[in-house]
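Chemist: Mind having a look at this structure? Questions to follow.
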Amino acid sequence: MKKMALLLAVSVCLLTPATARANDGGFWDMLFRWDPKFIGFGTDFHILCLDRAGQRIKGCEEWFTQMPHLFRPQSIEHDFDFNEIRHEVNFRVSLMWSYGDIVADLRSGEESKRIWAMKLLGAYYYHFNERWQLGVAAGAIPVFGGGIDPFWRGVVTPFSLMYSPPGARAMFLRVEESYITNKITGAALGHPLSAFANNGEWNLSGTVGFDLRRIGRKRATP
């Protein structure tokens with residue numbers, strides 16, 4: 001069961017572009033309630049990890065070094081124990097693309113062009129244990145492509161909860177509630193005749209991902 005769960009997580013996340021993976025982990029990301037709707041992939045770069053005593057944990061960001069052991073998790077070794085982490089500061093990068101109609105009031109014969117967005121966030125997580133982490137984040141969402149003039153929106157995430165289910169320690173689930181700032185209009189999205197307009201709003205997002213730091217063993221010190 002553990003091997004099947006790990007294989008499922010790895011198979012999903014390996015579909016990400018090479019530039020959207022780091023630290024031998026990645027995730028599937030969605031914006032559910034923001035218009036337009038986006039879906040895509042991303043990764044967290046682990047900038048700083050501290051233990052219970054506030055001491056820095058070296059080697060928290062592993063930079064792809066565990067990827068050769070994707071299908072041999074028993075061979076994974078780390079310079080630290082994931083359970084040692086109490087505080088974690090990350091830089092998150094997600095690459096997402098729109099799906100469905102960009103605006104609801106498209107004119108007859110008019111089609112929506114695909115547009116792209118990125119989540120660029122700084123995040124802090126407190127580790128209760130290896131299964132549960134609670135955090136906050138803030139950053140920006142640049143929007144581009146599809147013939148539109150690039151623009152961006154701010155994002156503040158006061159609630160981000162991560163959970164790793166039993167029997168699938170490499171996998172994590174994340175639920176976030178974020179506030180996306182500033183007004184967005186149909187004209188900004190490439191549809192100048194659309195009446196669509198949306199001010200800042202709350203957005204629920206869900207994530208399924210994997211992080212190979214969560215499995216394996218600590219490397220023996222010489």
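The values are calculated or read from the model by the stated rules, or taken from the named source; none is laboratory data. Everything numeric here is computed off the predicted structure, so don't read it as measured data. Cβ: placed from backbone, ideal geometry, glycine included. Neighbour counts: every protein chain shown.
Chemist: Under 25 Å from SER178 (Cβ atoms) and part of a loop (DSSP other than H, G, I, E, B) - does that describe any residue in region 40-59?
Modeler: Within region 40-59, not a single residue is under 25 Å from SER178 (Cβ atoms) and part of a loop (DSSP other than H, G, I, E, B).
Chemist: Shifting gears a bit: Pairs under 8 Å by beta carbon, first residue within 17 Å of SER98 (Cα to Cα) in region 183-194, partner among the basic types (Lys, Arg) and loosely packed, with under 15 Cβ neighbours inside 10 Å, six or more apart or different chains?
Modeler: Going by the 8 Å Cβ cut-off, the qualifying pairs are GLY190/LYS113.
Chemist: I'm trying to understand the selection: among the residues of region 67-86, which are in contact with a helix residue (DSSP H, G or I) (Cβ under 6 Å, 6 or more places away or on another chain), modelled with pLDDT of 80 or more and in a loop (DSSP other than H, G, I, E, B)?
Modeler: Within region 67-86, ILE76 is the sole residue that qualifies.
Chemist: Would you pick out the residues in region 96-140 that are of a type in the set (Ser, Thr, Tyr) and surrounded by fewer than 18 Cβ atoms within 10 Å (Cβ to Cβ)?
Modeler: Residues satisfying the conditions are TYR99, SER108, SER112, TYR124, TYR126.
Chemist: Looking at region 116-174 only, could you name the residues that are assigned to a loop (DSSP other than H, G, I, E, B), basic (Lys, Arg) and touching a Phe, Trp or Tyr at 6+ places or on another chain (Cβ under 8 Å)?
Modeler: ARG131
Chemist: Only one residue in VAL143, VAL175, VAL93 is loosely packed, with under 14 Cβ neighbours inside 10 Å, modelled with pLDDT of 85 or more and aliphatic (A, V, I, L, M). Which one?
Modeler: Sole residue among the options that is loosely packed, with under 14 Cβ neighbours inside 10 Å, modelled with pLDDT of 85 or more and aliphatic (A, V, I, L, M): VAL175.
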